[in-house]
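Just so it is clear, none of the values below were taken in a lab; they were calculated from the coordinates. Note that the structure is predicted; figures quoted are calculated from it, not measured. No Cβ is skipped: glycine too gets one built from the backbone with ideal geometry, and neighbour counts run over all protein chains shown.
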């Protein structure tokens, strides 16, 4: 069983990535919510926590194809494993549905917020009710508070920087940086490029500086 892979992120498509692991170029499916962050990290070394599943119908003679799913955070992998236990939600459907961070989806399940769940792709009203019925009370460890559709920085022990800076710092922390080092990279970026106005632009520059530093 492949439980994790570390390599250079070479390409990110709409629902998958390509990771260079030694001489191998590995294709992995990823949750929709991780795609923007991953697109900013192309060229960087990353570790993905993985699940292997088989897609297809062996009984119908079509055969089975192995699919590898990758997650940036171990908790996201564990939440996903619980999420796909709900009847009618397979791995492929779950990956498309998770357009919001796993912690926010878990919070919606725990608070029985079916309106939030119906807002996810692939999830209708009956499916949302089924998810709550089967998982409420079982995913509390993954739940995180959200404000305006974004993770609440206070819930992660973050400071009081502007939202785009907190988003950039959080992204680097997901990639393994300590907060103090991520803040230092951000301060260097601000000194050299004070006109950057989006989190994605900050993340790209922080990653570039991290590569130079390494």
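Pairs of Cα atoms nearer than 8 Å and 6+ residues apart set the relative contact order; for the range 4-144 it is 20 percent.
Rounded to the nearest 500, the 222 nm mean residue ellipticity of the chain from helices alone is -12000 deg cm²/dmol, with -39,500 (n - 2.57) taken per DSSP H run of at least 4 residues.
Sort 14, 166 so that the residue with the fewest other Cβ atoms within 10 Å of its own Cβ comes first and the one with the most comes last. Please report the intermediate quantities before stating the final value.
Details: 14 7, 166 20.
Listed from fewest to most nearby Cβ atoms, that is 14, 166.
Cβ crowding within 10 Å, taken as a proxy for footprinting-reagent exposure, orders 164, 123 from fewest neighbours to most as 164, 123. The angle between the Cα long axis of helix 179-192 and the main principal axis of the chain comes to about 50°, on a 0 to 90 degree scale.
Please list 69-79, 134-144 highest first by mean number of surrounding beta-carbon atoms within 10 Å per residue. Could you put the intermediate results ahead of the total?
Values: 69-79: 20.3, 134-144: 15.9.
So the peptides 69-79, 134-144, ranked by packing, come out 69-79, 134-144.
For the pair residue 27 and residue 129, a Förster radius of 25 Å applied to the C-beta separation gives a FRET efficiency near 0.10, rounded to the nearest 0.05.
Against the chain, whose longest principal axis comes from its Cα atoms, helix 163-174 is set at around 70 degrees. Across the range 154-213, counting alpha-carbon atoms alone, Rg and Dmax equal 10.5, 31 Å. Antiparallel beta bridges, as assigned by DSSP with both residues in the range 4-144, represent about 95 percent of the total such bridges. In this rough spin-label picture, where each label sits 7 Å from Cα along the Cβ direction, the residue 11-residue 198 distance is 2.2 nm.
Work out the FRET efficiency for residue 209 and residue 55 from their Cβ-Cβ distance, taking R0 = 35 Å, and round it to the nearest 0.05. Don't skip to the end; give the middle numbers.
On the way: r = 40 Å, r/R0 = 1.14.
That gives a FRET efficiency of 0.30.
Under the rule a/c < 1.5 gives rounded, and otherwise a/b versus b/c splits prolate from oblate, where does the range 95-140 land using the Cα gyration tensor? Taking the square roots of the gyration eigenvalues as a ≥ b ≥ c, the range 95-140 is oblate. Remark: spin-label model distance residue 112-residue 85 equals 2.0 nm, labels positioned 7 Å along the Cα→Cβ axis.
The mean sequence distance of close C-alpha pairs (under 8 Å, at least 6 residues apart), as a share of the length of the range 1-77, puts its relative contact order at 30 percent. Across the range 154-213, Cα pairs under 8 Å and at least six residues apart give a relative contact order of 35 percent. Computed over the chain, the Cα gyration tensor eigenvalues convert (square root of 5λ each) into semi-axes of 31, 24, 13 Å, ordered from largest to smallest. In terms of other Cβ atoms within 10 Å, 193, 33 run from fewest to most in the order 193, 33.
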